[in-house]
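Peer 1: The structure follows.
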Amino acid sequence: MADFFSEGKIQEVGGSPAVKTVTIDISGDTADSQDAVDLEGYSLVAVYMPAAWTAATISFLATDYDGKPEESEDPTDPTVNSPNNYLPVVDSAGNSVTLTVAANQVIVPTPETMAALAALRFVKIRSSAGQAADRVITLILKS
């Protein structure tokens, strides 16, 4: 798989599906992906989990930050469009949108999970448990 996937870049595969890799970074306070995935024009259709994955679910963080700072009279306002303002993705009942994953598996999200992510632009992945080292997760997206 290493030759097929290009970390940090979306690759078109046969026209429609695309591949994006993200790294769960263990150097921070939380086990979040370093890079965000721009889902504009794409839906998440599969997740390839690495063989060296410590048992944990994954959840999602999202922002609509587009690289253009939003003007605000209060720069401490958490609703301001900011590259650091990634918020947990929850459903209408307030439950985190998660995927139950395991090492060395391909996970296909439920229709409910795909629908929850469909309206989001920039998404990061969070592991519910710390990993022993940085872990690369591969996402398959479809336009």
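Peer 1: Specify the residue that is modelled with the lowest pLDDT; the eligible residues are those in the range 55-103 that are within 14 Å of Phe122 (Cα to Cα) and β-branched (Val, Ile, Thr).
Peer 2: Going through the qualifying residues, I end up with Thr63.
Peer 1: Here is a follow-up. Out of the residues in the range 1-54 meeting the condition of being modelled with pLDDT of 65 or more, assigned to a loop (DSSP other than H, G, I, E, B) and under 18 Å from Val108 (Cβ atoms), tell me which one is farthest from the chain's Cα centre (by Cα).
Peer 2: Taking the candidates together, the pick is Ser16.
Peer 1: Which residue is nearest to Ala51 (Cα to Cα), if the candidates are limited to the range 93-134 and must be within 13 Å of the chain's Cα centre (by Cα) and charged (D, E, K, R)?
Peer 2: Arg126
Peer 1: Within the range 116-127, work out how many residues are of a type in the set (Gly, Ala, Ser) and at pLDDT below 90.
Peer 2: So the answer is 2.
Peer 1: Can you report the number of residues in the range 123-143 which are part of a loop (DSSP other than H, G, I, E, B) and out of contact with any Gly (no Cβ under 9 Å at 6 or more places or on another chain)?
Peer 2: Adding up the residues that qualify gives 7.
Peer 1: So which residues in the range 110-122 are free of Cβ contacts under 8 Å to residues at least 24 places away in the same chain, aliphatic (A, V, I, L, M) and assigned to a loop (DSSP other than H, G, I, E, B)?
Peer 2: Matches in the range 110-122: Ala119 only.
Peer 1: Residues of the range 39-64 being over 17 Å from Pro88 (Cα atoms), touching a strand residue (DSSP E or B) at 6+ places or on another chain (Cβ under 7 Å), surrounded by fewer than 18 Cβ atoms within 10 Å (Cβ to Cβ) and of a type in the set (Ser, Thr, Tyr), which ones?
Peer 2: Ser43 - this is the single residue of the range 39-64 that is over 17 Å from Pro88 (Cα atoms), touching a strand residue (DSSP E or B) at 6+ places or on another chain (Cβ under 7 Å), surrounded by fewer than 18 Cβ atoms within 10 Å (Cβ to Cβ) and of a type in the set (Ser, Thr, Tyr).
The values are calculated or read from the model by the stated rules, or taken from the named source; none is laboratory data. Bear in mind the structure is a predicted one, so any value in this text is a computation, not a measurement. Cβ: placed from backbone, ideal geometry, glycine included. Neighbour counts: every protein chain shown.
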